[in-house]
Structures are given as C-alpha cells and as structure tokens.
Amino acid sequence: MRRFAIGDIHGKYIALEQCLERSGFKNEEDRLICLGDIADRGDYVPQCIERLKHVKNLIHVLGNHDLWLRDWLQHNYIAEGWLNKGGNQSIEAYLKCRNLINKHADFLYRGKVFYVDELDRLFVHAGFNVHKSLKENNVDDLVFSKKMWHALQKEELRSVSYRLENGAETKNQPVFIGHIQTSRKHPDLKPVCRGNVWNLDQGAGRNGKLTIMNVDTQEYWQSDRVNTLSI
C-alpha cells in the first residue's frame with residue numbers, strides 16, 4: 001500500500017482529479033490522508049466529497065472549513081464570518097443537490113482532528129500545542145491555530161515532537177499539515193518543509209495549486225493553478 005497526503009482541496013474538483021491522476025493513485029489499493037478543508041472557496045465541494053468517498057482507504061482529518069460546513073449541514077448553523085470565507089459557495093452548491101446534505105454531514109462527522117499512522121507520522125490540519133499531549137490539545141489547537149507553523153518559520157522551533165497522552169515523546173517523525181497557505185512567501189508553489197513539518201497547502205483555496213505527496217518517498221505532484229481550471 002502506498003500512502004499519500006493531500007493538502008487543502010477547497011472545492012476544486014478538477015484540481016483533485018489532476019492530483020489523483022498524476023500521482024497514479026489507486027482507489028482500491030492506496031491510502032489517502034486528507035489534511036482538511038475539503039470545503040469552501042470552490043464551487044464543487046459536493047463533487048469533491050463524492051469523489052473521495054470512492055477511496056477505500058481514506059483518512060479525513062478535519063479542517064476549520066469542514067467544521068463550519070458540518071455545522072450548517074447538520075444544524076443549519078452559520079458560523080460568524082463563514083460566508084465571507086467561502087461558506088456562501090458551499091451553501092449554494094448544496095442547495096443544488098439537497099439529496100447529499102445528510103450523507104455529507106455524516107461523512108464530515110466521521111472526520112478526525114488528527115491521525116497518527118503505523119510509522120508514528122502525524123497528520124493534522126493546523127498543528128498542535130507542543131507543550132501538551134495530542135489528547136490534551138483542543139480543537140482550536142489542532143484545527144485553527146497557526147502558532148506552531150509561525151514558530152517554525154521564525155526558527156523559534158527547529159522541529160516538533162509529540163506524545164499521544166502520558167507516554168514518551170515521538171521525536172523527529174514527519175508531521176504533515178495544511179491550513180496556512182505557503183504561496184505568498186513561496187511563489188514557486190512547492191511544498192514547504194520546516195524542521196520535520198511539511199506544509200502541503202499551496203493555495204488551492206486561492207489561485208495556487210493543490211498538492212498530493214507520497215509520504216513514504218516525499219515525491220509530490222500538483223494540479224495546474226486553480227484559476228486556470230474550469231469545469
């Protein structure tokens with residue numbers, strides 16, 4: 001089994017298809033870890049989720065946009081500021097396919113706030129508070145906060161280690177995140193590594209590219225710039 005991680009999809013269906021095709025991803029054989037934010041900013045969130053549901057070994061790590069969409073799908077609740085952050089596009093898309101609302105609410109409900117694989121590699125949307133165990137981290141630490149990545153960029157942290165609960169720290173294992181677009185500081189749109197942390201959000205939510213990486217080899221593939229794509 002090959003293992004892949006994919007960055008923030010943000011409803012960009014063609015970009016998702018390009019990444020899966022260019023990486024040679026096999027739905028029945030390979031594992032795909034979504035690093036969160038399937039939702040918002042693109043017009044095809046329902047189509048993206050339907051496509052991902054065909055992946056047998058899918059791990060969905062929740063992003064903040066996924067949580068906002070889940071609140072609306074389940075409870076018709078609109079979080080403050082969500083509409084201006086792409087929520088309006090998700091709502092419009094689901095009003096055209098209401099039959100998927102309950103199914104996709106269940107899909108998002110089954111998402112994880114972090115995932116540790118069999119090789120102790122950590123997959124999380126935003127990062128974590130390095131002074132707490134992963135189980136002690138709250139949703140804000142794992143899904144919303146940008147503090148860890150900013151500390152790595154400023155070299156206040158050289159690398160990160162984690163512990164699940166009260167056990168020994170897991171050191172120097174790769175950590176994969178999304179959430180913070182790298183495209184402004186890195187206009188080449190390549191994945192960015194700081195210490196042992198890979199950031200795979202290359203701005204597909206704006207005008208950048210979607211990235212998929214084989215986490216065993218760290219080989220990666222990307223979509224075209226999303227602003228050049230149309231469905």
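The single condition among (1) in contact with a His (Cβ under 9 Å, 6 or more places away or on another chain); (2) at pLDDT below 95 that Gly178 does not meet is (2).
On the stretch given as the stretch 53-77, residues that are without any contact (Cβ under 8 Å) to a residue 24 or more places away in the chain and surrounded by fewer than 20 Cβ atoms within 10 Å (Cβ to Cβ) total 4. Screening the candidates Gly81, Gly11 for the property of being at pLDDT 95 or above, of a type outside the set (D, E, K, R), assigned to a loop (DSSP other than H, G, I, E, B) and surrounded by fewer than 16 Cβ atoms within 10 Å (Cβ to Cβ) yields one hit, Gly81. Residues in the stretch 174-217 that are in a strand (DSSP E or B), charged (D, E, K, R) and free of Cβ contacts under 8 Å to residues at least 12 places away in the same chain: none. Kindly provide the set of residues from the stretch 84-123 that are free of Cβ contacts under 8 Å to residues at least 24 places away in the same chain, assigned to a helix (DSSP H, G or I) and of a type outside the set (Val, Ile, Thr), ordered by number. Result: Asn84, Asn88, Leu95, Arg98, Asn99, Lys103, Asp106. Scan the stretch 28-39 residue by residue and report those that are farther than 14 Å from Ile59 by Cβ and over 12 Å from the mean Cα position of the chain (by Cα). If the condition is that a residue be farther than 14 Å from Ile59 by Cβ and over 12 Å from the mean Cα position of the chain (by Cα), then Glu28, Glu29 are the ones that fit. Quick one: is Asn207 at pLDDT below 95 and closer than 17 Å to Gly7 by Cα? Yes: the conditions hold for Asn207. Within the stretch 22-75, the set of residues being among the small types (Gly, Ala, Ser), in contact with a strand residue (DSSP E or B) (Cβ under 8 Å, 6 or more places away or on another chain) and either in a helix (DSSP H, G or I) or closer than 18 Å to Ser90 by Cα (or both) comprises Gly36 only. The condition (being touching a Cys at 6+ places or on another chain (Cβ under 7 Å) and of a type in the set (Val, Ile, Thr)) is satisfied by just one residue among Ile212, Ile180: Ile212. The sole residue among Ser133, Ser161, Ser183 that is within 22 Å of Arg206 (Cβ to Cβ) and either at pLDDT below 95 or surrounded by 13 or more Cβ atoms within 10 Å (Cβ to Cβ) (or both) is Ser183. Can you name every residue in the stretch 218-231 that is in contact with a helix residue (DSSP H, G or I) (Cβ under 6 Å, 6 or more places away or on another chain) and either among the aromatic types (Phe, Trp, Tyr) or not in a loop (DSSP other than H, G, I, E, B) (or both)? Within the stretch 218-231, Trp221, Val226 qualify.
The values are calculated or read from the model by the stated rules, or taken from the named source; none is laboratory data. Just so you know, these numbers come straight off a predicted model, no measurement behind them. So basically every Cβ, Gly included, is an ideal-geometry build from the backbone, and we count neighbours across all protein chains shown.
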